[in-house]
Ligand SMILES: Cc1cc2nc3c(=O)[nH]c(=O)nc-3n(C[C@H](O)[C@H](O)[C@H](O)COP(=O)(O)OP(=O)(O)OC[C@H]3O[C@@H](n4cnc5c(N)ncnc54)[C@H](O)[C@@H]3O)c2cc1C
Ligand code: FES
Ligand code: FES
């Protein structure tokens, strides 16, 4: 183990990292784990966080592993968004990773950092919430595995290190959509993931940015389960509109807990949640739904209709083509 | 800095000779003061950093401690790309990287790209195509474009936009920057004949 009075510690194993973390805490020092630093470094600079010890995880190679078992995928805490972008084993996750920040942020930001920061509309966490992921941690009390939702709801354990997340291998189509300010510079205001399992006949939908953590849309999921023709994995176009309405209603019921951002009033978030969910649902199950019809169903005199106009954020723009990244209509020139 | 300086005379200062003795002394002093001491490989030179604050970003250390002004400092929040560097070959915003954590990596700024013909060609085209106005964003763009064209020499318009989304330019409106990249591709025989229509960027 390499000790240094400078406050920077660089363990090479998970065991060492956990030991350093508890030793620092026992000595009464404020300690922070460091993944890529995209959240921590600007926060230190701005004085939002004060720490005396930093435990850099860059050299812990066992955290950088991305693995696949017979029916599960395991992603180490040190894996970056860029590592996930090209991952063919989980196209849904790859898609969520691809719309995080900029190339600079995707090359640097890690899975462990996303769990440590636990942003309400984190792209990764919204997707993983829909995918029923589990979080693996190690603390002086030993290793622990818990559902992501429980991990996020609990108070963070200050002496625990996230080592990996684990999710089922995909059993059907999945998609991820987000909306907010300029993607390269700001995390999403509202995000939505839909994960379809054609083997188990289930559909999961999570919406981020409408609570302290991404929320599962339980009523809409139950409706979908009944509405989908599982033999073909498709739905009618009316089902997408109904699905969107159910998500809007569920989000409305959460109004008191909605986070308030500079751009996102509660009303805006509720509306955006329904629109994103309807689109994500249709993309997974009915790509043939006529675009103008969908736009007409989903965009009646919207309060922020300019934000949600099909030409800035719709299936018929090059930006929203599934093969391209800027689903919220931002490019280098910024949509707004 | 203008594009033309970047390759030639903006190189790093020669590494200061630091004997084992002096180094041990510096280390002891730094440890005593609780200040960081580490080494950074910047543009191929090993530089010793002492007396830096634990929380200093790579950007701060490069500019304020090592005098490497080839990286520009603007937002310090990871949002503008002015401070872009390569870390072990990957594009990163140096203001979001902890300097002490970059010990053991290879950091390359625009000044360290100079030897590669590609970086020179990019800088030349930035100038000839009018992609440099105030020039503040240029070092970051040149690093990002060099990384992109090394990885994807035939990047199309969408890929270029995606790869450069993290670099802001307040002057050019980006059209000239994309034109410069297209010109580099053309010059290298990568852009297909008839691809000239793509050179003008209509957002
Ligand atoms: C300009 C910019 C744009 C961004 N855009 C997006 C976006 O579009 N979508 C999005 O979701 N996020 C975005 N982010 C947020 C950020 O990039 C992500 O949250 C990222 O995943 C953080 O990872 P990191 O490795 O950089 O974390 P760090 O900054 O290293 O750490 C973040 C927190 O997690 C803790 N931590 C780190 N590793 C572990 C671990 N293994 N176990 C426990 N705790 C740990 C740290 O102590 C710290 O509190 C953006 C950030 C910036 C600066
Ligand atoms: S100064 Fe680093 S991204 Fe703006
Ligand atoms: S040339 Fe002035 S910011 Fe780009």
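Sort A:210, B:181, A:270, B:87 so that the residue with the fewest other Cβ atoms within 10 Å of its own Cβ comes first and the one with the most comes last. Walk me through the numbers before you get to the answer.
Values: A:210 30, B:181 27, A:270 24, B:87 18.
Ordered by Cβ neighbours within 10 Å, fewest first: B:87, A:270, B:181, A:210.
Count, for each residue of A:237-250, the Cβ atoms from other chains sitting within 10 Å of its Cβ, then give me the mean as a whole number.
On the way: counts 0, 0, 0, 0, 0, 0, 0, 0, 0, 0, 0, 0, 0, 0.
Partner Cβ neighbours, averaged per residue: 0.
Relative contact order of region A:118-218, please, whole-number percent, based on alpha carbon pairs below 8 angstrom and at least 6 residues apart.
Values: 211 pairs, mean separation 34.4, N = 101.
The value is 34 percent.
Using just the alpha carbons, could you tell me how many Å³ per residue the convex hull of region A:62-168 encloses?
Working: hull volume 10.3 nm³, N = 107.
Given the Cα convex hull of region A:62-168, per-residue volume reads 96 Å³.
When averaged across all projection directions, what area in nm² does the alpha-carbon convex hull of region A:1-135 cover?
8.9
Quick one: the Cα spread of region A:7-61 along its three principal axes, in angstroms, biggest first?
31, 27, 12
In peptide A:33-41, how many Cβ atoms from other protein chains are near each Cβ within 10 Å, on average? Could the numbers behind the result be given before it?
Values: counts 0, 4, 1, 5, 12, 7, 2, 3, 17.
Partner-chain Cβ atoms within 10 Å, mean over residues of A:33-41: 6.
Roughly speaking, what is the centre-to-centre gap between region B:95-111 and region A:22-40 when only Cα atoms are used, to the nearest Å?
20
Read-outs throughout are calculated quantities, based only on the coordinates presented, and are distinct from any laboratory measurement. Just so it is clear, the model here is predicted, and its values are computed rather than measured. For neighbour counting, all protein chains shown are included, and Cβ atoms are generated from backbone atoms with ideal geometry for every residue, glycine included.
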